[in-house]
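In what follows, a structure is listed as structure tokens, so that the remarks can point back to it.
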Amino acid sequence: MRPIEAIYLVFSGTLAAAGLSMVAFAVNAYRDTGRHSMLHLSVGFGLVVTAAIGTTVVAFFTDFEHTRTLLTYNYVITTAGYIFVMYSLVTPN
């Protein structure tokens, strides 16, 4: 494994750990408050984490081939996640 791949793996793992903890916090907040915005927030962070983990796994399985396609899928899923996060911020209640 090249050093850049190791760095990519470490940063992806860090993003996944931080994102999963934010998902857990948002789910707990939804359970405590019943606010739908917290549910949207957890879905958004879940999608962002899914994109990070999925991109990392697929990149290593394909030996970093087809990077344009991989990044396109990553950006689409991440964008959808951030749309949920933004929606959770502007939703009343």
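The values are calculated or read from the model by the stated rules, or taken from the named source; none is laboratory data. This structure is a prediction, so every number in the text was calculated from the model and none was measured. A quick note on method: Cβ atoms are made from the backbone with ideal geometry, for glycine too, and the neighbour counts reach across all protein chains shown. These accessible areas exclude ligands, DNA and RNA; they are computed on the full protein's heavy atoms, side chains included. Shrake-Rupley method; radii C 1.70, N 1.55, O 1.52, S 1.80 Å.
General remarks:
- Across segment 30-59, the qualifying residues are those that are among the small types (Gly, Ala, Ser) and in contact (Cβ under 8 Å) with a residue 12 or more places away in the chain, and the one among them that is farthest from Ala6 (Cα to Cα) is Ser37.
- The numbered conditions (1) open to solvent by 40 Å² or more (accessible area, probe 1.4 Å); (2) part of a helix (DSSP H, G or I); (3) at pLDDT below 95; (4) of a type in the set (A, V, I, L, M, F, W, C) are all true for Met1 except (2).
- Boolean, Met22 is assigned to a loop (DSSP other than H, G, I, E, B) and of a type in the set (A, V, I, L, M): no
- Some residue of segment 40-47 being of a type in the set (Phe, Trp, Tyr) and surrounded by 18 or more Cβ atoms within 10 Å (Cβ to Cβ): yes
- Selection of segment 71-90 for residues being farther than 16 Å from Phe11 by Cβ and open to solvent by less than 30 Å² (accessible area, probe 1.4 Å) yields Gly81, Val85, Ser88.
- Of the numbered criteria (1) under 28 Å from Met1 (Cβ atoms); (2) among the polar types (S, T, N, Q); (3) over 15 Å from the mean Cα position of the chain (by Cα); (4) crowded, with 16+ Cβ neighbours inside 10 Å, the one Thr62 fails is (4).
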